[in-house]
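Step one of this worksheet: look at the structure below.
The values are calculated or read from the model by the stated rules, or taken from the named source; none is laboratory data. Keep in mind the model is a prediction, meaning the values are calculated, not measured. Neighbour counts run over all protein chains shown; Cβ positions are idealised from the backbone, glycine included. We work out accessible area using only protein heavy atoms, side chains counted, and drop any ligands, DNA or RNA first. Shrake-Rupley method; radii C 1.70, N 1.55, O 1.52, S 1.80 Å.
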Amino acid sequence: MTVKNPLNKMIVWLILVMWSVAVLYPLLWTLLDALKNNEQFFLNMPWALPKFPLLWSNFSYVWSKYNFSTYFMNSIIVTAGSTLLGMILSAMTAYILARYNFRGSKLLYTIYISSMMIPFALALIPLFFLLNDLHLINTWLGLILVYAALNLPFGIFLLVGFYQSLPKEIEEAAIIDGTSHYGTFFRVMLPLSQPGLITVMITNMLNNWNEYFLGVVLTNEPTKYTLPIGLAVMQAEMQYRVEWGPLFAGLLITTLPTLIVYIIFQRQIASGITAGAVK
């Protein structure tokens, strides 16, 4: 939408500038505090500029002493595996529900969508015992399966509308050319659904990277902790003497990857959400 009135345009720009400041200021404040030592926190105001020399060593200190290198690698493995698995399952399930009419398809779709309204805490205890019986506690595979299943309903909800917006003539042309149902999906429909898949991928990645509650319940070995858990463990290990600079450095290490991914793919996320809205 284009704003033609100069006054309205000025108001819109003012609102956008204020919103940008409100969003960017906490990130900048976190970065500045990550470059301080405890003396600067206690003798100066916490939001004051750091004094020279800047303590970039806080990042390497957190990375080595508090095992953030291990936590970072665990987060990458779990996030990448669960995001890829959830994206594939969501795409295949959504394609079947959107393009094939069979008995119970609408009921199945309703069950998937309705599951988003159920508090996940209600399933936490049976889920724990299930994974314990399958020997998946304290494993990457256990977290990957749980995270993928948790994000499946949203992916299906988003992609069903997207597949329904695609013309059926594309599939019919592929079948006339001798392409099988599997070939039609993987070679024709899946590439066409790239905007929706990117949206599902980024949304799942952000959710899985920042997830804390399930990680605490399903892992109790430090070698399997992800970054959000590692950050909480770091704060607990500091006990009565909190090292504020390294703590903010750890927070920035945890936040920065998701921020970079969102900045890179922000246009694809917006286009993917609206792609299946209009038929």
(request) Could you tell me which of the residues F128, F72 is under 30 Å from F248 (Cβ atoms) and in a helix (DSSP H, G or I)? (result) F72
(request) Check L130, L43, L89 and return the single one that is under 24 Å from the mean Cα position of the chain (by Cα) and aliphatic (A, V, I, L, M). (result) L89
(message) Looking for something open to solvent by less than 40 Å² (accessible area, probe 1.4 Å), in the same structural domain as N210 (by the TED database) and more than 24 Å from P195 (Cα to Cα) - is there at least one such residue anywhere in the range 94-103?
(response) no
(message) Yes or no: the range 127-139 includes at least one residue that is open to solvent by 70 Å² or more (accessible area, probe 1.4 Å) and either touching a residue at least 24 places away in the same chain (Cβ under 8 Å) or in contact with a strand residue (DSSP E or B) (Cβ under 9 Å, 6 or more places away or on another chain) (or both).
(response) no
(request) Report, by residue number, each residue of the range 72-84 that is over 13 Å from the mean Cα position of the chain (by Cα) and open to solvent by 10 Å² or more (accessible area, probe 1.4 Å). (result) F72, M73, I77
(message) If S114 meets every condition in (1) part of a helix (DSSP H, G or I); (2) free of Cβ contacts under 8 Å to residues at least 60 places away in the same chain; (3) open to solvent by 60 Å² or more (accessible area, probe 1.4 Å) apart from one, which number is that one?
(response) (3)
